[in-house]
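The block underneath contains the structure these notes are about, expressed in structure tokens.
The values are calculated or read from the model by the stated rules, or taken from the named source; none is laboratory data. For clarity, every value in this text was computed on a predicted model and none was experimentally measured. No Cβ is skipped: glycine too gets one built from the backbone with ideal geometry, and neighbour counts run over all protein chains shown.
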Amino acid sequence: MVMLMSSENSQVGSLEEEIQGAPPVVSRAELRERRLTETIEINRYLYLQTQQLEHMLLDAPDLQALLEILLVSMPRHFSFRVSELWLYDPEDILSHLIVGGQRYGHSLQLQQDVYPMQELYDLEPDIVLIDATDSRMFEVLKSEHGIEYALLLPLTDAGRMIGSLHLGLQDDSLVLGTAEEDLIAHLATMISSCFKAAVMRQQISQLTLLDPLTQISNLRGFEKDIAREIARARRADKPVTVLLMEIDEYDDLYQHYGKRRGEFVVKKVTERISSDLRATDMMARLDTPKFAVLIPASGEMLGQDIAERMRRDIEDFPIDDGRGAVLQVCISVGLVTWEPQQYPAVDMPQLARQMETVATKALDIARSRGGNCVAMSRLSALIL
């Protein structure tokens, strides 16, 4: 491991070489003044870049925006080859908070054990420059980006390691003096603080988007999900299907068995439907007996197959209430699909609202047929 070198010794050595080879007409004082001017300019540039990055970090609205800055913007900002971020996540909190983290590949790694991060540093976490070719930990970055050295920035909270940011270099030309080290240490502290604040904000925000009974998205969360997924589907030119489903005759069940068993049924139906979903699908509880499922990259035929499978699963699902009673319920399902080729929408929020409206219409049709069935309704090109 190679610790960051002070630029003073390096500058003195370079200065002596320059003095020895300099023409006689250039005095020692002039060379020192020239070197000092260069150092001041470099420090000024580094300070301004750091200041700009600080503003970007402070303005980041959420955890996803912060990750984008650290893994995409920051390397470009300081002309590093690549950026890699390790985060300590022993209880899988971050894995649930971070949306779309897989797009960063190996540049974002969630560690359940803090030891691999501590191993990067000596007795205390401090900024360090290491020879990445001697470490197996950077095999992916070396093979994909050809880095030779890595500048490591420890991220801490009250003395505890919460992460480690690695900036990849292709050579060892980086020489930092005391002033530069202090500036980067300050930046590491700023990143740590912003990261902690972003996680807290995201946790609070997530609480407002979750249904407390089932721990899936609520109506507000679903509206955010559908708007985001429609915009993503438009970019990818892929269809999106929305299912609205309701537990049939739930009011009778509630009146007969009471609130406690009624909520128990809601939780069991949620668990059963969730078990049928793919990793990319999203489920929300809109009100007491009503749910929504968002199925990305799904056309009408696939959506109908999924909806019918869910309907059958609930119909064949005996719910044991733990008191000797077995409850049997059914669901009605309304379906709507957006195909970008058929309906090239421009107003994404309007489309999201329209899909909810049309899916509700389809659900009403299913209920009017006596329930326990799937009905489909189509978007009209005129309303888009």
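Scan region 85-101 and report the pairs whose first residue is surrounded by fewer than 20 Cβ atoms within 10 Å (Cβ to Cβ) and whose second residue is acidic (Asp, Glu) and assigned to a loop (DSSP other than H, G, I, E, B), with Cβ atoms within less than 7 Å and a gap of 6+ or a chain change.
These pairs meet every condition: 95/89.
If you scan region 236-261, which residues turn out to be in contact (Cβ under 8 Å) with a residue 24 or more places away in the chain, under 17 Å from residue 320 (Cβ atoms) and not hydrophobic (A, V, I, L, M, F, W, C)?
257, 261
Check residue 171 against each of (1) surrounded by fewer than 17 Cβ atoms within 10 Å (Cβ to Cβ); (2) in a loop (DSSP other than H, G, I, E, B); (3) outside the structural domain of residue 61 (by TED's automatic domain parsing) and name the one condition it does not meet.
(3)
Do any helices (runs of 4 or more DSSP H) lying entirely in region 1-97 carry at least 2 residues that are modelled with pLDDT of 80 or more and more than 29 Å from residue 119 (Cα to Cα), and which ones are they?
28-59
Taking residue 329, is it buried (at least 18 other Cβ atoms within 10 Å of the Cβ), modelled with pLDDT of 90 or more and either in a loop (DSSP other than H, G, I, E, B) or on the phi > 0 side of the Ramachandran plot (or both)?
yes
If I filter region 157-166 for residues that are in the same structural domain as residue 82 (by TED's automatic domain parsing), assigned to a loop (DSSP other than H, G, I, E, B), over 22 Å from the mean Cα position of the chain (by Cα) and at pLDDT below 80, do I get at least one hit?
no
Looking at residue 126 and the list (1) touching a Pro at 6+ places or on another chain (Cβ under 8 Å); (2) on the phi > 0 side of the Ramachandran plot; (3) acidic (Asp, Glu), which single condition is not satisfied?
Result: residue 126 passes all but (2).
Can you tell which of 349, 340 is in contact (Cβ under 8 Å) with a residue 60 or more places away in the chain and in contact with a Pro (Cβ under 9 Å, 6 or more places away or on another chain)?
Matching residue, one of 349, 340: 340.
Quick check: anything in region 345-362 in contact with a Leu (Cβ under 9 Å, 6 or more places away or on another chain), of a type in the set (A, V, I, L, M, F, W, C) and not in a helix (DSSP H, G or I)?
Yes - at least one qualifying residue is present in region 345-362.
Outside the structural domain of residue 103 (by TED's automatic domain parsing), closer than 19 Å to residue 338 by Cα and modelled with pLDDT under 90 - does that describe any residue in region 287-306?
Looking for residues that are outside the structural domain of residue 103 (by TED's automatic domain parsing), closer than 19 Å to residue 338 by Cα and modelled with pLDDT under 90, one finds none in region 287-306, hence no.
Restricting to region 192-245, and then to whatever is of a type in the set (S, T, N, Q) and not in a helix (DSSP H, G or I), can you tell me which residue is surrounded by the fewest Cβ atoms within 10 Å (Cβ to Cβ)?
215
In region 332-349, which residues are modelled with pLDDT of 80 or more and aromatic (Phe, Trp, Tyr)?
Residue satisfying the conditions is 338 alone.
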